[in-house]
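Notes follow the structure.
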Amino acid sequence: MRFASLLPGEAKRPALETEGMNQAVSATDLSDATPSGPRIALFVEDGSGDWHARRLKKAMEARGARVVTTTLSACAFDTTSASGVDIPGFDGLLPDGAFVRSVSTGTLEQITFRLGILHALRESGIRVWNDARAIERCVDKSTATFIFQKAGLPTPPTRVVETRARAHAHLTADPRPFVLKPLFGSQGNGVRRAHAPDELPPPEDVGDVYYMQHYLRAPDATLFEDWRVFVSQGRVLSAMVRRGKTWITNVHQGAEPLAHDPCEDMSRLALAAASAIGADYAGVDLIRDQDGQLMVLEINSNPAWKGLQSVTATDIADTLAGDFLGAVTKVIA
Ligand SMILES: Nc1ncnc2c1ncn2[C@@H]1O[C@H](COP(=O)(O)OP(=O)(O)OP(=O)(O)O)[C@@H](O)[C@H]1O
Ligand SMILES: [Mg+2]
């Protein structure tokens, strides 16, 4: 089996990928640029660079960091090195910090191995953004939903079950329009509605796990919107509203991103969601139900910000670089 999506975001490609990850990593990308400052491992998508990664690298280097761009798949566990972990460019030594842009698509074993490397770095005292635990919680929509509920945050009523028969029984017992989402989905891919139990997709479409959520829009709605709030280190960096003509308001699905000044409620919910998940930075998606109540829809631990950057004056890469290096420096000080 392959994990189709470990990097939710607003990007154009599915899977453990984010926007613009189709340019090759150059030798320059892989070399240290400055002779001093904290040594940072920047993990990008397998065999590719990324608009976000390039900006982050530049911003971190401008702040004196030495950044090695590499991929988690190129790392090794190695008992012959003192650190036990071998990261390309670090000669068996540990970096001072690690920033994860992508875990990359892979088999269950590969993803487990890569997350293991991230867990190992944290266990070795290295600051990792975001930490493997946060990535795991965000990637699995059902766990994220559970954590929102546990934290007392409003989130749409949701039931997640294995097998089509159990999903069928649920929709029969609670007949209403439902939204079905792939457990590891992103960019609105695979998100669909079911009005009756017979409209449930076949098991192979959803890995035989059915994430079923109440559909929140009014039946006669014609304008659809949700909000993306980008948070880092306990504060809101920027936000946008995504307005669409169809009920799925991902930019990838044709919705328009517009600058948005988040109200207090939005900021509070987004920050609480990130804190509940344990994410140092995150993209939090909020939606209003038919009564106008704001709800936490979902959270991305490796959010893309290209769309958001196009409608905001805040330099997101630079702010993130500053926040991350500040956290790294605190650990090594
Ligand atoms: N319960 C719901 N009721 C109405 N509309 C919904 C509901 N859930 C999702 N949507 C719409 O579908 C879009 C996609 O859903 P969601 O954000 O949950 O998944 P995704 O975008 O595929 O995942 P990710 O945000 O990780 O990329 C939302 O932006 C929203 O417009
Ligand atoms: Mg979304």
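The values are calculated or read from the model by the stated rules, or taken from the named source; none is laboratory data. Computed from a prediction, not measured in an experiment: that's the story for all the values here. In this analysis, Cβ positions are derived from the backbone assuming ideal geometry, glycine residues included, and neighbour counts consider all displayed protein chains.
Numerical summary
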item	result
Enumerated strands (runs of 3 or more DSSP E) restricted to the range 144-198, each holding at least 3 residues that are in contact with a Lys or Arg (Cβ under 7 Å, 6 or more places away or on another chain)	178-181
Lone unmet requirement of (1) surrounded by fewer than 21 Cβ atoms within 10 Å (Cβ to Cβ); (2) closer than 30 Å to ALA321 by Cα; (3) more than 15 Å from the chain's Cα centre (by Cα) for THR143	(3)
Condition met for ALA239 (more than 20 Å from ARG159 (Cα to Cα), modelled with pLDDT of 95 or more, touching a His at 6+ places or on another chain (Cβ under 9 Å) and not in a helix (DSSP H, G or I))	yes
Flag if ALA120 is crowded, with 18+ Cβ neighbours inside 10 Å, touching a Lys or Arg at 6+ places or on another chain (Cβ under 8 Å), farther than 22 Å from GLU298 by Cβ and among the aliphatic types (A, V, I, L, M)	no
Flag if ALA270 is surrounded by 20 or more Cβ atoms within 10 Å (Cβ to Cβ), at pLDDT below 95 and in the same structural domain as PHE146 (by TED's automatic domain parsing)	no
Selection count, the range 185-239, where residues are within 16 Å of ligand 2 (Cβ to nearest atom) and more than 16 Å from the chain's Cα centre (by Cα)	12
Residue within the range 10-25 that is of a type in the set (A, V, I, L, M), over 25 Å from ASP323 (Cα atoms) and at pLDDT 95 or above present	no
The range 226-245, residues that are within 8 Å of ligand 1 (Cβ to nearest atom) and within 30 Å of TRP129 (Cβ to Cβ)	ASP226, ARG242
In the range 172-188, the residues that are buried (at least 19 other Cβ atoms within 10 Å of the Cβ) and in contact with a Pro (Cβ under 6 Å, 6 or more places away or on another chain)	SER186
Selected residue (criterion: farthest from the chain's Cα centre (by Cα)) from residues of the range 72-108 that are at pLDDT 95 or above and part of a helix (DSSP H, G or I)	ALA74
Of residues in the range 84-108 being among the small types (Gly, Ala, Ser) and buried (at least 17 other Cβ atoms within 10 Å of the Cβ), the one farthest from ALA53 (Cα to Cα)	GLY106
Meets criteria (exposed (fewer than 15 other Cβ atoms within 10 Å of the Cβ) and either touching a Pro at 6+ places or on another chain (Cβ under 7 Å) or within 18 Å of ASP285 (Cβ to Cβ) (or both)) for HIS195	yes
Enumeration of residues in the range 281-320 that are small (Gly, Ala, Ser) and surrounded by 16 or more Cβ atoms within 10 Å (Cβ to Cβ)	ALA282, GLY283, SER301, ALA304, GLY307, ALA317
Residue within the range 92-100 that is under 27 Å from LEU297 (Cα atoms) and among the small types (Gly, Ala, Ser) present	no
Scan of the range 251-289 for residues that are within 14 Å of ligand 2 (Cβ to nearest atom) and either among the aromatic types (Phe, Trp, Tyr) or closer than 28 Å to VAL128 by Cα (or both), ordered by number	ALA270, ALA273, ALA282, GLY283, VAL284, ASP285, LEU286
